[in-house]
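Q: Please see the structure below; I have some questions.
What follows is calculated from the coordinates using simple rules that are stated; it is not laboratory data. None of the values given here were measured: they were computed from a predicted structure.
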Amino acid sequence: MNQDQLSAEQILELAIESLEDVKGDNITVLNVSELTDMMDFMVICTGTSKRHVHSLGQNVVEHSKSKGLQPMGSEGRDMGSDWVLVDLYDVVVHVMTEEARSFYDLEKLWDIKPEKR
């Protein structure tokens with residue numbers, strides 16, 4: 001299976017499953033398909049520590065690969081980072097510490113009503 005064989009909704013479910021498996025907190029989905037051509041969904045998740053943020057991001061990458069979906073890229077996956085981004089084509093996953101999430105406030109930045117998960 002590859003990116004061309006999965007719908008944005010299927011990739012979204014794969015990402016959410018990956019985060020839930022490692023106990024991600026406050027998983028929020030933003031449907032940004034009307035706002036940008038870059039992606040359909042943005043997933044934002046909170047990790048309890050930098051180590052947890054790393055583990056969550058790593059699990060998204062590994063789970064995607066196990067399903068045949070090679071992530072387009074990822075940023076911040078070193079152990080000291082408080083924000084990890086994983087690009088899954090139509091879905092971009094942001095995993096942050098509570099402090100980083102509060103500071104950057106992506107939900108407000110995109111100024112749309114989030115769909116809670």
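Q: Once you have the Cα-Cα distance between L106 and R51, take 0.36 nm times their residue separation minus that, and quote the gain in nm to one decimal.
A: On the way: separation 55, 0.36 × 55 = 19.80 nm, distance 2.14 nm.
Result for the pair: 17.7 nm of gain on full extension.
Q: Continuing with this model, one more query. Quick check: from the Cα gyration tensor, does segment 60-111 come out rounded (a/c under 1.5), prolate or oblate? Kindly include the intermediate steps, with their values, before the conclusion.
A: Values: a/c = 3.01, a/b = 1.58, b/c = 1.91.
Here segment 60-111 falls in the oblate category.
Q: Step through the residues of segment 73-89 one at a time and calculate ³J(HN,Hα) from phi using the Karplus curve (6.51 cos²θ - 1.76 cosθ + 1.60, θ = phi - 60°), rounding each to whole Hz and writing x for Gly and Pro.
A: x, 8, 9, x, 7, 6, 5, x, 7, 9, 8, 10, 10, 10, 9, 10, 6
Q: Still on this structure: I need the phi-derived Karplus couplings for segment 58-69: 6.51 cos²θ - 1.76 cosθ + 1.60, θ = phi - 60°, integer Hz, Gly and Pro marked x.
A: Going residue by residue, I get 4, 5, 4, 4, 5, 5, 4, 4, 5, 9, x, 10 Hz, with x marking Gly and Pro.
Q: Pick the calculated Kirkwood radius over Cα pairs in Å for this structure from (1) 21.0; (2) 17.6; (3) 13.9?
A: (3)
Q: Which whole-Hz ³J(HN,Hα) couplings does segment 21-29 yield from phi under the Karplus relation 6.51 cos²θ - 1.76 cosθ + 1.60, θ = phi - 60°, glycine and proline marked x?
A: Karplus-based 3J(HN,Hα) across segment 21-29 equals 4, 10, 6, x, 9, 6, 6, 10, 10 Hz.
Q: Using 0.36 nm per residue of separation minus the Cα-Cα distance, give me the extension gain between S33 and D78 in nm, one decimal. All intermediate terms of the calculation are to be shown ahead of the outcome.
A: On the way: separation 45, 0.36 × 45 = 16.20 nm, distance 2.96 nm.
Residue separation times 0.36 nm, minus the Cα-Cα distance, leaves 13.2 nm.
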